1. Relative contact order, percent, of the range 217-337 when contacts are C-alpha pairs under 8 Å separated by at least 6 residues?
2. I'd like the orientation of helix 14-27 relative to the chain: the angle between its Cα long axis and the longest Cα principal axis, in ° from 0 to 90, rounded to 10.
3. Compute the FRET efficiency between S241 and L286 as 1/(1 + (r/R0)^6), taking r as their Cβ-Cβ distance and R0 = 41 Å, and round to the nearest 0.05.
4. Going by average Cβ neighbours within 10 Å, how do the peptides 231-243, 290-302 rank, with the highest at the top?
5. List the aspartates and glutamates whose Cα sits under 17 Å from the Cα of K335, skipping any in the same chain fewer than 8 residues away.
6. Using the heavy atoms of the protein chains alone and a 1.4 angstrom probe, what is the accessible area of the chain per residue in square angstrom?
7. Taking the range 1-71 on its own, what percent of its Cα-Cα pair distances exceed 22 Å?
8. On the first, second and third principal axes, largest extent first, how far apart are the outermost C-alpha atoms of the range 206-337 in Å?
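The values are calculated or read from the model by the stated rules, or taken from the named source; none is laboratory data. From a predicted model like this one, the values you see are computed outputs, not experimental measurements. Backbone-built Cβ (ideal geometry, glycine too); neighbour counts: all protein chains shown. Protein only, heavy atoms only, side chains kept; ligands, DNA and RNA dropped before computing areas. Shrake-Rupley method; radii C 1.70, N 1.55, O 1.52, S 1.80 Å.
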Amino acid sequence: MTKTRILISESNDPWFNLTVEDIIFRSMPADQRVLFLWQNMDTVVIGRAQNPWRECNTERMERDGVKLSRRQTGGGAVFHDLGNSCFTFMAGKSEYDKSVSTSIVLNALKSLGIHGKANGRNDLVIEDETGQRKFSGSAYKENIDRGFHHGTLLLNADLNRLADYLNPDPKKLQAKGVTSVKSRVVNLSTLVSAISHQTVGDALSQAYRDYYQVDVEPEFISPEHFADLPDFKEKFAMQSSWDWNFGKTPPFTHSLDERFDWGGVEFLLDVKNGTIQQAGVYTDMLDPLPLEHFSAALPGVQYHAESLSACTKELQQSYPQYQAQLEDIRQWFHKAV
């Protein structure tokens, strides 16, 4: 058995990559160490305990074909495109040390002419004339006998798209004393124009070998070559499922209100496991009967635009005299949820 391994994903599918990461972490021998390098295409990755409806513009994501992928670790929401490079360090508990993996990343970048530094617990930054600019964020996971550190590197990501799909918490931004996400991050291509996922991967692999003083060749993994991964199909099905990516959201309450030419409406929805548990409606509509029936039909419906739209269409058939009002509600929910 090889004690030190370097694995490189040939897939840009976030569900594949996060499945591979989780399986390797759970199944690797406790005395093994692994560097896993990967890259995702057009994805919002959220933390294990985050609410995608709060953190993301889910309507725009669906329209633009951007995937949602919930990871096993905590932390915040990030947007990945092919301008991001991702890394994961895994090791048994006796060797697992976040400061070691961080130093390997910094040494790799130094070999490319980039002099970064660690800032606090999660970020890597560079100093420029505007102050500290973040180019990497990390998250961590530990269990009884092993741990991992994974993170991203901004190489030449489309920073304009950050605002398209993420909804930054105003309180978090206020606490950081900044006015936008874009103002405090930087692409490494502004420092080294020729930087790429390949050059960064080569540098990380070499810095990893140098630190552990081993000579090990990378192993490539793809959707066509994963025969040694236990229970891959079942775990991939879970990682790519609506139940995991949306349904595992902790319970929350969403209040939606709008005014139409026929009256004002407010819905109060209690959501658990991505499914509406209870719905209340408040309205000054002259005849609130169809909205009351709609509210009564919502418990048990997935908190998803298509499911809510289907529920509304059923009511439109039952109450044709309120076709126009229910169509207003249907279109409003489709945008608001």
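1. Once divided by the residue count of the range 217-337, the mean separation gives 16 percent.
2. 60
3. 0.45
4. Ranked by mean Cβ neighbours within 10 Å, highest first: 290-302, 231-243.
5. The qualifying aspartates and glutamates are E55, E59, E62, D64, D164, D257, E258, E266, E306, E327.
6. Normalised by residue count, the accessible surface of the chain is 48 Å².
7. Cα-Cα pairs in the range 1-71 separated by more than 22 Å: 34 percent.
8. Taking the Cα atoms of the range 206-337, the three principal extents are 77, 28, 22 Å.
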